[in-house]
Amino acid sequence: LIRMKLINENDFLPGKTYSLADGSTVKSPRFIIKQMKIGGYVIRNIEVSITNSNADPLLGQNVLSKFKSVIQDNEKKRIVLRIK
């Protein structure tokens with residue numbers, strides 16, 4: 001993201017410690033993504049955490065809460081998002 005000039009040093013926030021499901025804790029660097037497009041929706045100023053490079057990316061509540069509803073359709077392998 002830095003090489004692509006999508007973020008810069010001013011976008012970084014102080015690190016944050018997270019509690020994991022197994023009871024352990026991990027400190028992660030954080031930064032702001034100024035704009036993110038998901039389907040036809042544009043979301044602004046999203047706080048993101050940097051995780052292990054082997055980890056799958058996750059959409060957290062800070063993104064999902066911006067929608068009126070979030071429906072997970074396992075049969076069709078999709079997530080349906082509705083605007084507030």
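The values are calculated or read from the model by the stated rules, or taken from the named source; none is laboratory data. This is a predicted model, so every value here is computed, not measured. Because the Cβ atoms are built from the backbone with ideal geometry, glycine has one as well, and the counts that use them run over all protein chains shown. Only protein heavy atoms, including side chains, enter the accessible area calculation; ligands, DNA and RNA are left aside. Shrake-Rupley method; radii C 1.70, N 1.55, O 1.52, S 1.80 Å.
What to note about this one:
- Taking the accessible area of the chain, probe 1.4 Å, and keeping the other protein chains in place, the carbon and sulfur fraction comes to 52%.
- Candidate lysines - alpha carbon under 16 Å from LYS68, same-chain residues fewer than 8 apart omitted: LYS84
- Accessible surface, per residue, of segment 21-73 when the full set of protein chains is kept, probe 1.4 Å, Å²: 74 Å²
- For the chain, the relative contact order is 16 percent, taking Cα pairs closer than 8 Å that sit 6 or more residues apart in sequence and dividing their mean separation by the residue count.
- Heavy atoms of ASP22: accessible area, 1.4 Å probe, square angstrom to 10: 120 Å²
- Note on the chain: helix-only mean residue ellipticity at 222 nm, from DSSP H runs of 4+ residues weighted -39500 (n - 2.57) and normalised by residue number, equals -500 deg cm²/dmol.
- Charge sum, other residues only, whose C-beta stays under 14 Å from ASN10's C-beta, Lys/Arg counted +1 and Asp/Glu -1: +1
- Estimated dipole of the chain in Debye, rounded to 20 [Cβ of Lys and Arg +1, of Asp and Glu -1, Cα centre]: 440 debye
- Legend: distances between Cα atoms for LYS5/LYS77; LYS16/LYS66; LYS27/LYS77; pairs beyond 25 Å are LYS5/LYS77; LYS27/LYS77.
- For segment 1-36, the set of trypsin sites (Lys or Arg not before Pro) satisfying both a DSSP loop assignment and a count of at most 16 other C-beta atoms within 10 Å is given as ARG3, LYS5.
- Among the GluC sites (Glu not before Pro) found in segment 9-84, those both in a DSSP coil and sparsely packed, with 12 or fewer other Cβ atoms within 10 Å of their Cβ, are GLU75.
- Positive-end residue of THR25, VAL48, PRO14, charge dipole of the chain with Cβ unit charges: VAL48
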